[in-house]
Amino acid sequence: MSTDPVALTAALIRCPSVTPEEGGALLLMERVLTEAGFACTRVDRNGIANLFARWGNGGNGQSFGFNGHTDVVPPGEGWSHDPFCGEVIGAEIWGRGATDMKSGVAAFVAAAVDFVQETPPDGSIVITLTGDEEGDGVDGTTAILDWMEAEGERMDVCLVGEPTCPERLGDMMKIGRRGSMSAFLTAKGVQGHSAYPHRAKNPLTGLVRLLDRLASHALDTGTDHFDASTLAITTVDTGNKATNVIPAEARATVNIRFNDTHSSQSLTDWIRQEADRVTEETGITFELRTKVSGEAFLTPPGPLSDLVARAVEAETGITPALSTTGGTSDARFVRRHCPVVEFGLVGKTMHQRDERVEVAQITGLKAIYTRILRDYFA
Ligand SMILES: [Zn+2]
């Protein structure tokens, strides 16, 4: 009897697994996978629940990997239905995680479970599920990959089942992601009376000059597979309520989304250089702190992207665009382990209230994942 990915999605949605709560979601997946003959290991770290599952002996043959997350963002207010109801209403299934990405997890788990029972492959299928993708991700997929390395476990290729399609199931897959980092700048001057500016040193003068230079500089013009990198000033603060005081300190943050012509280090070096130039000109000094969410990466078009694209075309009649747009995902961690691409359903309502998706997309996605497994092990 085939596994219904819609029923599995509903069961997952009913697990209130808001990051970092496990919520019963990984326990459910562990039970389903164990019953199908997968060897399951919980790889929890620092209070975050993660699951590693392997079918096959892992030693011989090819190993195909799926990666996904069962945690969800908080539902927020104002839903038309209970955000954890998992109910099918009309043609859609409702609830937090319906698109991002309990449906994707349900689709690849259902595909893998049926595939190993109906046509046992000469090789392994590895499923890695984390309860910490929507959080910092420090103890999520990274923890599983660290554990796999220590245990000699491997995937030869990996498919991440995040939603990737903008309009119709099949219209886009991701072969890389831009990097993301924030730079926190603190400009330091000398406080004083605004009527006697020569006795003070205004940090805002230097900060504004620096921000203008950073924001007006074209980082690059894009590459074959990436859009141009962008820098956005996201806040400027002094906390100064007085109109007659020059503050001693001013702070600003910029967020940079960058392609693979840069690294977080090269961008940090560039910001430092520009800050030093402004210090020479104005005497205002700058402290610089950065937070890196992920480096840019690309899995160049090749056997893995061809495999996925062919399966998508066969099931939907649509040729998926190979894209690197959007935010970061756990593919940024997986790429250190093996070639990785991402393909999933249409993510229009992800992170919104009234998150929902057509059930036809979930069954369609399972069919695509099944075909990918069949072609990979053929
Ligand atoms: Zn997601």
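The values are calculated or read from the model by the stated rules, or taken from the named source; none is laboratory data. Remember, it's a predicted structure, so these values are computed and weren't measured experimentally. Methodologically, a virtual Cβ is constructed for each residue, glycine included, from the backbone with ideal geometry; neighbour enumeration extends over all protein chains shown. The accessibility values were calculated without ligands, DNA or RNA, using every heavy atom of the protein model including side chains. Shrake-Rupley method; radii C 1.70, N 1.55, O 1.52, S 1.80 Å.
Some observations on this one:
- Pick from the range 1-15, criterion touching a residue at least 60 places away in the same chain (Cβ under 8 Å) and open to solvent by 70 Å² or more (accessible area, probe 1.4 Å), ranking: farthest from Gly86 (Cα to Cα): Ser2
- Applying the set (1) in a helix (DSSP H, G or I); (2) open to solvent by 30 Å² or more (accessible area, probe 1.4 Å); (3) within 15 Å of the ligand (Cβ to nearest atom); (4) not aliphatic (A, V, I, L, M) to Gln117 leaves exactly one unmet item: (3).
- In summary, Met29 fulfils each of the numbered conditions (1) at pLDDT 95 or above; (2) part of a loop (DSSP other than H, G, I, E, B) with the single exception of condition (2).
- Residue match in the range 330-347 (condition: more than 30 Å from Ser264 (Cβ to Cβ) and either open to solvent by less than 20 Å² (accessible area, probe 1.4 Å) or touching a strand residue (DSSP E or B) at 6+ places or on another chain (Cβ under 7 Å) (or both)): yes
- Counting the residues of the range 32-45 that are closer than 29 Å to Cys85 by Cβ and either among the small types (Gly, Ala, Ser) or in a strand (DSSP E or B) (or both) gives 3.
- Residues of the range 46-78 satisfying the condition of being part of a strand (DSSP E or B) and closer than 19 Å to Asp146 by Cβ: Ile48, Asn50, Leu51, Phe52, Ala53, Arg54, Ser63, Gly65, Phe66, Asn67, Gly68, His69
- Residues of the range 334-369 that turn out to be assigned to a helix (DSSP H, G or I) and either at pLDDT below 95 or not aromatic (Phe, Trp, Tyr) (or both), as a count: 11
- The single residue among Gly61, Gly47, Gly76, Gly68 that is under 25 Å from Leu304 (Cα atoms) and modelled with pLDDT under 95 turns out to be Gly61.
- Residue check for Trp55: among the hydrophobic types (A, V, I, L, M, F, W, C) and out of contact with any helix residue (DSSP H, G or I) (no Cβ under 7 Å at 6 or more places or on another chain): no
- Flag if Val126 is hydrophobic (A, V, I, L, M, F, W, C), more than 16 Å from the ligand (Cβ to nearest atom) and either under 22 Å from Thr34 (Cβ atoms) or assigned to a loop (DSSP other than H, G, I, E, B) (or both): yes
- Checked against the criterion of being over 28 Å from Ser17 (Cβ atoms), in contact (Cβ under 8 Å) with a residue 12 or more places away in the chain and more than 16 Å from the ligand (Cβ to nearest atom), the candidates Leu169, Leu145, Leu185 yield just one match: Leu185.
- Meets criteria (over 19 Å from Val157 (Cβ atoms), open to solvent by less than 10 Å² (accessible area, probe 1.4 Å), within 16 Å of the ligand (Cβ to nearest atom) and not polar (S, T, N, Q)) for Gly104: no
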